[in-house]
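So the structure is just underneath, and the comments pick up after that.
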Amino acid sequence: MGNKRHIRVMVAKPGLDGHDRGARIIARAYRDAGFEVVYSGLHQTPEEIVEAAIQEDVDMIGLSSLAGAHNYLFPRTVELLREKGVDDIVVCGGGIIPDEDILALKEVGIKEIFTPGTTLDEVVKWVEENVKPR
Amino acid sequence: MSSVAEKVIAGDIRAVARLIRDIDDGMPEVREILKELYPSTGKAYVIGITGAPGVGKSTLVDQMLNHIRKDDKTVGVLAVDPTSPFSGGAILGDRVRMQRHSMDEGVFIRSMATRGHFGGLTQSTRSAIDVLDAMGKDYIIVETVGVGQDEVDVVKSAHTTVIVVIPGMGDDIQAIKAGILETGDIFLINKADREGSDKTMSDLRLMIDMDKKKYEGGKWKPPILKVQAVFDAGVMEFLEEIEKHRQYLIETSDGLQFRRKRNRVQDELTEMVKNRLIEEVLENLTETGEFDRAVDSIVEGKLDPYSACDNLVLPALGVSSGGPVKGSEVL
């Protein structure tokens with residue numbers, strides 16, 4: 001039974017970046033907000049992330065990057081989703097992202113970027129307001 | 001046939017993923033699709049893997065995938081993780097260990113949360129198994145902690161049930177004994193390089209030998225294997241045991257139509273009828289407010305719960321109670 005949609009989210013660590021404490025804390029906050037959170041693990045390619053997101057039928061992918069390669073990894077994820085004809089998975093990102101990159105990332109389809117100092121409440125609230133379980 | 005069913009049978013990943021979501025979310029429309037898929041099921045070999053958190057189930061499954069794929073067989077994995085009873089959320093982390101297979105088209109991995117609905121896990125996992133079966137997977141591996149009746153039932157519906165322990169779990173072996181230990185077809189001692197693996201081995205062996213009568217007359221006696229999943233040590237031998245068990249089932253039961261065996265079908269149907277009744281009756285009563293009113297009258301001392309239950313259930317089932325149902329003023 002159940003007959004209630006649960007929000008399903010994938011928290012992913014793309015690229016050669018071993019710092020996942022932030023991602024794990026976000027995953028925990030999402031769980032406490034009642035979401036089902038699939039964690040990808042470290043060192044994922046955008047291809048692997050997108051394939052996993054499709055198999056898991058998530059409503060959102062949250063990309064975490066602290067190693068500076070976001071300008072390739074984030075847009076590539078969005079591009080792969082489009083190539084696969086997936087238009088209903090929201091992609092957002094977080095981590096060490098310079099202000100000057102944010103606009104360009106948003107232009108290619110990253111819905112929101114969260115930078116250091118964002119509270120967990122803000123991150124959760126954003127999902128509740130912007131991600132609809134289908 | 002509906003287009004969803006057609007896509008699933010054709011192996012469309014996205015259609016399969018979405019259908020499992022609908023099953024999980026309890027959408028009533030999946031029933032029609034599952035009916036259509038049913039004739040295409042019953043071909044996959046289902047392996048249930050269970051054991052306490054941290055014994056290495058996901059790592060083991062990851063290695064199994066590697067070997068099974070070398071034989072060019074396809075695999076579906078259902079990894080079940082617990083839902084937080086407080087928030088209703090879940091962190092599904094089993095996938096992390098298997099993620100290297102995510103680009104392999106012959107592997108479909110799906111994480112599921114227990115969610116804690118009325119026996120729903122058993123049913124939704126079984127339905128998800130049917131979906132992966134209908135999409136043509138040769139093997140389906142179901143991984144769960146195996147706590148609680150629901151999870152035990154899930155594991156029991158596998159062809160081969162594998163119980164994973166680690167050295168030093170002496171007392172824990174006793175603890176799981178009452179639950180699913182009886183259902184194990186193969187026992188694995190993972191992380192076997194750790195201290196105490198011989199002791200664990202002899203504990204398990206003793207426990208199995210105590211059931212000696214069960215294995216008389218050529219019945220399957222569960223083997224115990226030491227493995228180190230992370231190094232892939234012993235995994236090949238483990239898969240050979242699964243194959244032996246499969247051969248045993250083919251020889252002793254009516255072939256591979258194991259899931260269609262009478263007692264299994266009976267269990268599944270009982271479960272399904274139960275869930276369906278709860279769904280239809282309870283939900284309706286909740287919506288109309290009848291349920292809440294009954295609770296109120298019990299709390300206020302106007303009605304006993306037994307009469308309240310009669311009042312609620314009998315009309316909903318269209319049964320006359322064989323006389324006026326007593327109600328008010330009983331207490």
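The values are calculated or read from the model by the stated rules, or taken from the named source; none is laboratory data. Here the structure is a predicted model, which means the values were calculated and not measured. Positions of Cβ are generated from backbone atoms using ideal geometry, with glycine treated the same way; all protein chains shown enter the neighbour counts. What goes into the accessible areas is simple: the full protein's heavy atoms, side chains included, and nothing from ligands, DNA or RNA. Shrake-Rupley method; radii C 1.70, N 1.55, O 1.52, S 1.80 Å.
Structure notes:
- Residues located in the stretch B:80-112, provided they are more than 10 Å from chain A (Cβ to nearest Cβ), open to solvent by less than 10 Å² (accessible area, probe 1.4 Å) and under 25 Å from A:Arg28 (Cα atoms): B:Val80
- Among the conditions (1) within 14 Å of chain A (Cβ to nearest Cβ); (2) assigned to a loop (DSSP other than H, G, I, E, B), B:Lys43 misses just one, which is (1).
- Summed over the stretch A:114-134, the residues that are within 30 Å of B:Ile20 (Cα to Cα) and in contact with a Gly (Cβ under 9 Å, 6 or more places away or on another chain) give a count of 2.
- Within the stretch B:1-20, the residues that satisfy the criterion of being surrounded by fewer than 23 Cβ atoms within 10 Å (Cβ to Cβ) and either assigned to a loop (DSSP other than H, G, I, E, B) or under 19 Å from the mean Cα position of the chain (by Cα) (or both) are B:Met1, B:Ser2, B:Ala10, B:Gly11, B:Asp12, B:Ala17.
- The listed residues are B:Asp232, B:Asp203, B:Asp211, and the only one of them that is farther than 20 Å from B:Ala158 by Cα and in contact with a His (Cβ under 9 Å, 6 or more places away or on another chain) turns out to be B:Asp232.
- Any hit, the stretch B:62-71, residues being touching a residue at least 40 places away in the same chain (Cβ under 8 Å) and at positive phi: no
- Matching option when the condition is basic (Lys, Arg), in a helix (DSSP H, G or I), at pLDDT 90 or above and open to solvent by 80 Å² or more (accessible area, probe 1.4 Å), among B:Arg276, B:Arg293: B:Arg293
- Restricting the stretch A:1-31 to residues that are in contact with a strand residue (DSSP E or B) (Cβ under 8 Å, 6 or more places away or on another chain) and among the β-branched types (Val, Ile, Thr), the residue that is nearest to B:Pro28 (Cα to Cα): A:Ile7
- The stretch A:8-36: number of residues that are under 26 Å from B:Ile20 (Cα atoms), in a loop (DSSP other than H, G, I, E, B) and more than 9 Å from chain B (Cβ to nearest Cβ): 1
- Among the residues of the stretch A:29-62, those identified as modelled with pLDDT of 95 or more, over 24 Å from B:Ala128 (Cβ atoms) and touching a Leu at 6+ places or on another chain (Cβ under 7 Å) are A:Ala29, A:Pro46, A:Glu47.
- Residue ID - nearest to A:Val124 (Cα to Cα), chosen from residues in the stretch A:68-90 that are in contact with a strand residue (DSSP E or B) (Cβ under 8 Å, 6 or more places away or on another chain) and aliphatic (A, V, I, L, M): A:Val90
- Look at the stretch B:260-286: where a residue is more than 25 Å from B:Ile250 (Cβ to Cβ) and a partner is in a helix (DSSP H, G or I), sitting 6+ places away or on another chain with Cβ atoms under 6 Å, you get B:Glu271/B:Thr122; B:Glu271/B:Gln123; B:Asn275/B:Gln123; B:Val281/B:Ala316; B:Leu285/B:Phe291; B:Leu285/B:Leu312.
- Exactly one residue among B:Ala90, B:Ala52, B:Ala113, B:Ala10 is of a type in the set (Gly, Ala, Ser) and within 14 Å of B:Ala134 (Cβ to Cβ), and that residue is B:Ala10.
- A:Gly68 small (Gly, Ala, Ser), without any contact (Cβ under 8 Å) to a residue 40 or more places away in the chain and touching a helix residue (DSSP H, G or I) at 6+ places or on another chain (Cβ under 7 Å): no
- Checking each residue in the stretch A:37-90 for being in a helix (DSSP H, G or I), within 19 Å of A:Gly18 (Cα to Cα), open to solvent by 20 Å² or more (accessible area, probe 1.4 Å) and within 14 Å of another protein chain (Cβ to nearest Cβ) picks out A:Glu47, A:Glu48.
- For the stretch B:315-324, the count of residues that are assigned to a helix (DSSP H, G or I), at pLDDT 80 or above and either surrounded by 11 or more Cβ atoms within 10 Å (Cβ to Cβ) or polar (S, T, N, Q) (or both) is at least one.
- Cβ-Cβ contacts under 7 Å between residues 6 or more apart (or on different chains), taken from a first residue in the stretch B:227-239 that is on the phi > 0 side of the Ramachandran plot to a second residue that is outside any helix (DSSP H, G or I) and at pLDDT 95 or above, are listed as B:Gly234/B:Leu225; B:Gly234/B:Lys226; B:Gly234/B:Val227; B:Gly234/B:Gln228.
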